[in-house]
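Worksheet for the structure shown next.
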Amino acid sequence: MLRRSVRSVSAVTFSACMVVSIAGAGVAQSQSLESQSTAAFGSLQQAGSSLGSLEDLLPGGKAPKNIIYMVGDGMGFNHVANTNLFESGQSRYAVEGEADGEALEEAGGEAVQVYEGDEWQQSSMSTYPVDSGYDPVKAWNDNDYINQNVTDSAAAGTAMATGQKTLNGMIGVDAEGNELENTNERALSIGKSAGVVSSVPFNHATPAAWGAHNSDRNALHDMADEMIDSDLNVIFGAGHPDFDDNAAGRDAKYEYLSEEGQDLLESGDSGFEYFDDSETFADLAAGNVSSDRYFGLAPVATTLQQNRDGESVVPGDVPANDVTDLPTMSTAALNVLGQDEDGFQVMIEGGAIDWTGHANESARNVEETQDFNAAVEAVNVWVEKNSNWDETLVIVTADHETGYLSGEDQGDGWKALHGPTGQLPSHQWYSGNHTNQLVPVFVRGAGADAVIAAADKQDPVRGSYIDNTTIAKLTLENWWTAEGK
């Protein structure tokens, strides 16, 4: 187990929850998609069922030694396109036309980000919680469908980390409150290292899904205590009691970390090498590593940059906080975890993309997506310098889309984003919440073929897609089994 001491999680009684699961079609004809939709919504399949053996999909039967799971929280296809347009004046992924999945097509375009390059493979991923579903026909024939029955980051993170769906608001437990093993725990149990990195508080929903178990995502102090008491090797994130959102000192506010938790970290008795300055992140990123366990608390309250003062009109017009960034934190984490000859698992989150979506902050959405993209570039460099693609799997995806970012005056159809280089694209936000759209998945390295081969469901516009439980199931059931230690 990940934790040195097992904590009880209050069991919550729920009515039996079954989930709509779209049966894999593997074909694009509208008739097959319609029958796929009808069959899925006519006969329910319980979420969390086994993916089945995919050993024959692993070249030579070799599993990834290292897994780097990068999550742009809230980053849908639209957010990637928005940033690509700002940077290059063109992008893939655009969809425009009447709400008719049979007629709609995804636009092509040139690669802009490193993960769009020829060395990477792309699919899509469904994100719904245990008591919802995704209908690929309705999703394109009714553009309000994706506003309904959406996941939160707790349920999505749990599915991605454990391979089992749960209810919104629940972290690392199933719908009845039973603890679920996550891929960080599995890594530690077979002798690997593990960690979490985030640009938002270290115990926010997504990083907590890889480090805590609680029926209430808002039990922040409890989850912080559990993570501090864990065997994780790296915990990097925001949430510092003594700093505000401008990285300026303040009287302590214990929103994410309790006073007792902070005292424990600062005492040196937590088992972690604790630090809370940007210089140490940079030092670790430069390769000056002297321990195998670090807890790094960035000197900001909630986000590295998104929540700073000022109202951004264009990306970069408001001076940035003088604080570390996600690329530096990512490289620092990899330098620590990469010391383990048996390998590692790490989740790296660009968490504030989601925060900009909730706030409909257009300029800062580009800023946060750019920071995440730069972190992917840093990871790419690290793998090629310190590892190789035959032993390391990098996954770039999202837990859901946030804000329903689309073209202006969409009406009942679909409108694409448009705009020249250096300007915010013409766009409109249609929600302040998450949506039930498919999100992109980009993979490269050991095991990437297995991820793509597991995409057994079909969307009329995005093509084949996996579920948000798929990669964790591959990890727990195929790659990192106890027998494969």
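The values are calculated or read from the model by the stated rules, or taken from the named source; none is laboratory data. What you see is a predicted model, and the numbers here were worked out from it, not measured in a lab. Here Cβ is always computed from backbone atoms with ideal geometry, including for glycine, and neighbour counts include all displayed protein chains.
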For the range 408-446, how many residues meet the condition of being out of contact with any helix residue (DSSP H, G or I) (no Cβ under 9 Å at 6 or more places or on another chain) and in contact (Cβ under 8 Å) with a residue 12 or more places away in the chain?
8
Name the single residue that is farthest from residue 326 (Cα to Cα) among those in the range 206-226 being among the aliphatic types (A, V, I, L, M) and out of contact with any Phe, Trp or Tyr (no Cβ under 7 Å at 6 or more places or on another chain).
219
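Quick one: would you say residue 218 is within 25 Å of residue 308 (Cβ to Cβ) and either surrounded by fewer than 20 Cβ atoms within 10 Å (Cβ to Cβ) or small (Gly, Ala, Ser) (or both)? Break it down into steps so the answer makes sense when it comes.
Working: within 25 Å of residue 308 (Cβ to Cβ): yes; either surrounded by fewer than 20 Cβ atoms within 10 Å (Cβ to Cβ) or small (Gly, Ala, Ser) (or both): yes.
Judged against the criteria, residue 218 is a match.
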Scan the range 329-351 for residues that are over 13 Å from residue 288 (Cα atoms) and of a type in the set (S, T, N, Q) and jot them down.
330, 345
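Yes/no per residue for (1) more than 24 Å from residue 327 (Cα to Cα); (2) out of contact with any Ser or Thr (no Cβ under 7 Å at 6 or more places or on another chain):
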| position | (1), (2) |
| --- | --- |
| 238 | no, no |
| 248 | no, yes |
| 258 | yes, yes |
| 289 | no, yes |
Just to check your reading of the model, which residue among 175, 212 is over 19 Å from the mean Cα position of the chain (by Cα), in contact (Cβ under 8 Å) with a residue 12 or more places away in the chain and in a loop (DSSP other than H, G, I, E, B)?
175
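Conditions (1) out of contact with any strand residue (DSSP E or B) (no Cβ under 6 Å at 6 or more places or on another chain); (2) surrounded by 24 or more Cβ atoms within 10 Å (Cβ to Cβ), marked per residue:
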residue: 174; (1), (2): yes, no
residue: 181; (1), (2): yes, no
residue: 190; (1), (2): yes, no
residue: 193; (1), (2): no, yes
residue: 200; (1), (2): no, yes
residue: 205; (1), (2): yes, yes
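Could you please find all residues in the range 178-209 being assigned to a strand (DSSP E or B) and not hydrophobic (A, V, I, L, M, F, W, C)?
Pass one, the range 178-209, residues assigned to a strand (DSSP E or B): 179, 193-201.
Correct list: 179, 193, 195, 198, 199, 201.
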How many of the residues in the range 262-301 are in contact with a Phe, Trp or Tyr (Cβ under 8 Å, 6 or more places away or on another chain), surrounded by 13 or more Cβ atoms within 10 Å (Cβ to Cβ) and assigned to a loop (DSSP other than H, G, I, E, B)?
7
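From the set of residues in the range 97-152 that are part of a loop (DSSP other than H, G, I, E, B) and of a type in the set (S, T, N, Q), which is surrounded by the fewest Cβ atoms within 10 Å (Cβ to Cβ)?
Here is the first cut: in the range 97-152, the ones part of a loop (DSSP other than H, G, I, E, B) are 98-113, 117-120, 127-137, 142-144, 148-152.
From what's left, of a type in the set (S, T, N, Q): 113, 127, 132, 143, 148-149, 151.
Details: 113: 22, 127: 27, 132: 21, 143: 20, 148: 11, 149: 15, 151: 26.
Restricting to residues being part of a loop (DSSP other than H, G, I, E, B) and of a type in the set (S, T, N, Q), the top hit is 148.
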Quick check on my filter: what residues within the range 374-427 are assigned to a loop (DSSP other than H, G, I, E, B) and polar (S, T, N, Q)?
387, 388, 410, 421, 423
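I'd like the residue in the range 345-372 that is farther than 20 Å from residue 160 by Cα and of a type in the set (S, T, N, Q) and, out of all such residues, is surrounded by the most Cβ atoms within 10 Å (Cβ to Cβ). Reasoning before the result, please.
The initial filter retains those residues of the range 345-372 that are farther than 20 Å from residue 160 by Cα, namely 356-371.
Among the residues that remain, those that are also of a type in the set (S, T, N, Q) are: 356, 360, 362, 365, 369-370.
Working: 356: 27, 360: 17, 362: 21, 365: 33, 369: 26, 370: 18.
Looking at the filtered set, the residue picked out is 365.
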Residues of the range 432-459 satisfying the condition of being closer than 17 Å to residue 95 by Cβ and either hydroxyl-bearing (Ser, Thr, Tyr) or in contact with a strand residue (DSSP E or B) (Cβ under 7 Å, 6 or more places away or on another chain) (or both):
435, 437, 438, 439, 440, 458, 459
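Yes or no: residue 340 touching a residue at least 40 places away in the same chain (Cβ under 8 Å), in contact with a strand residue (DSSP E or B) (Cβ under 6 Å, 6 or more places away or on another chain) and in a loop (DSSP other than H, G, I, E, B)?
Details: touching a residue at least 40 places away in the same chain (Cβ under 8 Å): yes; in contact with a strand residue (DSSP E or B) (Cβ under 6 Å, 6 or more places away or on another chain): yes; in a loop (DSSP other than H, G, I, E, B): yes.
Judged against the criteria, residue 340 is a match.
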Given 152, 144, 135, 131, which one is in contact with a Pro (Cβ under 9 Å, 6 or more places away or on another chain) and charged (D, E, K, R)?
152
So, residue 232, is that one touching a Gly at 6+ places or on another chain (Cβ under 6 Å) and in a loop (DSSP other than H, G, I, E, B) or not?
yes
Pairs only if they're at least six apart or on different chains, beta carbon under 7 angstrom, first in the range 225-246 and closer than 30 Å to residue 190 by Cα and modelled with pLDDT of 95 or more, second surrounded by fewer than 23 Cβ atoms within 10 Å (Cβ to Cβ) and among the β-branched types (Val, Ile, Thr); list them, first residue then second.
238/302
